[in-house]
Each structure stands twice: as structure tokens, then as C-alpha cells.
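Student: One structure follows; several queries about it will come next.
Here, each number is a calculation from the coordinates, and none is a lab measurement. Computed from a predicted structure; not experimentally measured. Every residue, glycine among them, receives a Cβ derived from its backbone with ideal geometry; neighbour counts consider all protein chains shown.
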Amino acid sequence: MAHLFGRTYTREELLDLVGDMSQVAGVRRAELVEGNERGAGLIEIANASGLSCSLLPGRALDIASASYRGMSLCFRGNTGDVGPAFYEPPGYGWMRGFFGGLLTTCGMTFVGHPEVDSEEEDEELGLHGRLSFLPAKQVRAGGRWQGDDYVLEAEGRIREAVVFGTCLEMSRTVSTTLGERSIRIHDRVENLAAERSPLMILYHMNPGFPLLDAGARLLVRSERSTRWRDDREVGPEVYAAAAPPRPGAGDVVYVHRPIADAGGMATAAFVNERLGLGLRFRFPVAEVPLLTQWQRFATRTYVTGIEPGNCSPLGRAWNRANGYLQHVEPGEVREFHVEIAVLDGADELAAAEREIDATDGARRRAV
């Protein structure tokens, strides 16, 4: 049932109150036609809970923007929603179409800075792979009733393929439910080729102002957290709090090995106590064993990344050396589930922090 405007409604009660469900929740398809946005497409999802987002079917159904009660939840890059035809694969060309957004998915065969992997393709692999620039096919978007729940969803298939080589197909579903403040991502990846393939999937989620501001914090409990350049172990006093933007600030990356609860789920949150606003991230560690944190606290590119993945964004060599480079065999299927939820108010922020602290405490007692 939908909890809206201070009360809970059944399906029949809601239908008695509206002329059409788009009054309280809806999915709309449109096209972007300006400049290099052509081909990105557009799916807009609106929820009377206050959560809304825009998906790009021409860009792997990634979430280009999201807001809650008029406040942006994510960074927006100055490139805009670049269409797939304008992709520049070599080197760092990926950055010419990085819109940021709530979700830019990296992969499927490579995540990281440009690299040559002599043990696999033995050719240059461009920044963060091709997935985010691949258009989805068989796209379907709309709302439907599941008992007393009204579910809004978009789904499609994205294939990364080359003749005589890789053929990975991702079936993606992005959904939310009327009255809820969460977005669920379910990806199913199947290897349709005759040979095994590297499988690297990273959910590059990008909080930005006003959620990102000086003093906003990442809450995570991990077995071990390390800094990217030297793999030196660090604690929350180093990585947790956001700094204000400053000219010329560069990139800093931390890799966390999150701790699961008794059900195998890891929880992290990015919270802003001054706003009383936050984002909570949940995922099964069996599917997603790493959480990478990217900080770029620079003027005019003020962004942080919360990036669950089956790998880190440090490339093939790092993931192979650290035991995180995965492969998928011919005919094999892998599934990934990630949930993003809005935290609203001091009570919900405090509850999330207690939950994350309790996960660590329960693990320590079990040990």
C-alpha cells in the first residue's frame, strides 16, 4: 500500500481519488533533440513521495538526474546528456560524455583508467569501458499494479559485443514504488559468446550539491579501507567528511571492503546533517564485494562518488593482483542488485548510522 501525505492508501482508495494515476505517479517517454544530446532518449519517473529521476535509454538506462522535493541528489557534468553516437572510446574520451548523474554504470568488460591488459585483449582499453554509451533495446517503461502497490519501472537490454569476440548482454530493470523513496536496480548479465570474458561492473553514483557540502559524511563499515595510489590502510578520520570546494583540488580514491549483515547485505550512507538529507545504498556483498569512494572537491566540479561494484575502478592489473577480477563463462549468468534510498530528517539519518554501526558490532560479536 502507498503511504502518502500522512496516511496509507489501498489501490481502490487511490483510484477513487484520482482521474489517472499520473496524478500521483507516472512514467513518460521523450526525446532529447538539442546538439549532442541526440540519441540519448529520456524516461522521466515521478513519484508523489517527492522522488523523481530521469533515465537515458540511449545510455544503458543510466540515471542522468534525480531530485527529492526539488533538491538535486547528484552532480551534473558540464557535458550534458551526450548521445551514444558522440562516444569517444580511446584514452580518456569517456569524460567527454560523463554527465555524472545519480548513476553512470561502468563496464562490462573493463573499469578503470586507460590500460593495456596483455593477458586478455592486449589492446588499449578506454576509461571505464563502453557500457554507459551503449543504447538499450526492447525498452519498456510504465506503471503497473502489484496488489495494492503501484510500481513504476523501466527495462531494456544492453549488449556489448564484437564479432569473433565478446558478447555480453545485460537485462536491466530500474524501478520504484509509489510512496517509497527508493530506486532499485536489477541487472542480469549473460555471456552469449563461445569464450569466457572478464566481467567488471561498477555503479558510479555521484552525489553533488546541495547533498554534498562541507561536513557531509560517508558512513560505511568495512573490513579494510585503503587509499588508491599506495594501498595504504586508512580510517574514517581520513575519508569520511567532505571538504568545501577549492581551486585545483584533484582526485582522491578510497577502496572499502564492506561488511555484510546476517542476510548478506551491505549498507552505506552519505548524509548531510545540516540539510537533514541523505542517500542510503544497499547491495549483496556476494554480488558486489567492493565500495569505492571518489572525492573531487574542486570548484565547479564539486562531486563525490559512491561506487559499489564487483571490482574497483583501479583497472585490470589492480583487481587481478587483489583477487577481484571476475570472469563469466559461456552461457553463465550473473545478477546484481543495488538499492538507493533517500533519507529524510534527523531521525532517519541517525537510524541509518545506528544500523551501519550495528552491522560492524554484530560481525565482531560473531567472530
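Student: Skipping prolines and chain starts, which residues have an amide H placed within reach, meaning under 5 Å, of the one on Y150, given they are 5 or more residues away or on another chain?
Tutor: Close amide H contacts, sequence-distant or interchain: L178.
Student: Would you kindly state how much longer the chain becomes between R69 and A214 on full extension, computed as 0.36 nm times their sequence separation minus their alpha carbon distance, in nm to one decimal?
Tutor: 50.1 nm
Student: Counting other Cβ atoms within 10 Å of each Cβ, which GluC sites (Glu not before Pro) in the range 87-193 have at most 14 and sit in a DSSP loop?
Tutor: E119, E123
Student: Additional query: Order these by the 10 Å Cβ neighbour count, fewest first: L32, L152. Could the numbers behind the result be given before it?
Tutor: Details: L32 20, L152 24.
Ascending Cβ contact count within 10 Å gives the list L32, L152.
Student: Can you work out the Karplus-derived ³J(HN,Hα) for every residue in the range 127-133? Use 6.51 cos²θ - 1.76 cosθ + 1.60 with θ = phi - 60°, whole Hz, and x for glycine or proline.
Tutor: Result, rounded to whole Hz: 3, 6, x, 9, 3, 5, 9.
Student: Can you check what the net charge comes to around F75, using other residues whose Cβ is under 14 Å from the Cβ of F75 (Lys, Arg +1; Asp, Glu -1)?
Tutor: Neighbourhood net charge equals -2.
Student: Follow-up. Output ³J(HN,Hα) for the range 166-181: one whole-Hz value per residue in order, computed from phi by the Karplus curve 6.51 cos²θ - 1.76 cosθ + 1.60 with θ = phi - 60°, and x for Gly and Pro.
Tutor: Whole-Hz 3J(HN,Hα) from phi for the range 166-181: 4, 8, 10, 10, 9, 9, 10, 10, 10, 9, 8, 10, 3, x, 8, 10.
Student: While we're on this one: With 10 angstrom as the radius, rank R11, R221 by how many other C-beta atoms surround their C-beta, starting from the fewest.
Tutor: With the sparsest Cβ surroundings first, the list reads R11, R221.
Student: Obtain the nm distance between the two label points defined at V116 and R320 by a simple spin-label model: each point lies 7 Å from its Cα along the Cα-to-C-beta direction.
Tutor: In this crude spin-label approximation the distance works out to 1.3 nm.
Student: Also, quick follow-up: In debye, nearest 20, what is the charge dipole magnitude of the chain about its Cα centre with +1 on Lys and Arg Cβ and -1 on Asp and Glu Cβ, if you could check? Don't jump to the answer; show the numbers that get you there.
Tutor: Numbers: 40 positive and 51 negative charges, 131 e Å.
That gives a dipole near 620 debye.
Student: Under a Cβ-only charge scheme (Lys and Arg +1, Asp and Glu -1), can you give me the dipole magnitude of the range 80-191 about the Cα centre, in debye to the nearest 20?
Tutor: Using only the charged Cβ atoms, the result is roughly 720 debye.
Student: Moving to a separate point now. Which is farthest toward the positive dipole end of the chain among P84, S54, G309, measuring Cα position about the Cα centre, with Cβ charges +1 (Lys, Arg) and -1 (Asp, Glu)?
Tutor: My answer, from the dipole projection, is S54.
Student: A further question on this structure: In what order do F164, F98 fall by count of nearby beta-carbon atoms within 10 Å, going from fewest to most?
Tutor: The order, fewest Cβ neighbours first, is F164, F98.
Student: Give the shape of the range 178-233 as rounded, prolate or oblate, defined through the alpha-carbon gyration tensor: a ≥ b ≥ c are the square roots of its eigenvalues, a/c under 1.5 means rounded, and otherwise the shape is prolate if a/b is larger than b/c and oblate if not.
Tutor: oblate
Student: Using just the helices of the chain, give the 222 nm mean residue ellipticity in deg cm²/dmol: DSSP H runs with n ≥ 4 each add -39,500 (n - 2.57), and the total is spread over all residues, rounded to 500.
Tutor: -3000 deg cm²/dmol
Student: When only DSSP loop residues count, what GluC sites (Glu not before Pro) in the range 227-305 have their Cβ near at most 15 other Cβ atoms within 10 Å?
Tutor: Qualifying residues, ordered by number: E273.
Student: Please work out the C-alpha center-to-center distance from the range 308-342 to the range 155-202 and express it in whole Å.
Tutor: Cα centroid of the range 308-342 versus Cα centroid of the range 155-202: 12 Å apart.
Student: A further question on this structure: In nm, give the distance between the simple-model label positions of D357 and E223, each being 7 Å from the Cα along the Cα-to-Cβ direction.
Tutor: With each label placed 7 Å out from Cα toward Cβ, I get 2.5 nm.
Student: Compute the distance in nm between two label points, each set 7 Å from the Cα along the Cα-to-Cβ direction, one at S175 and one at E237.
Tutor: Going by the 7 Å Cα→Cβ label model, 4.6 nm.
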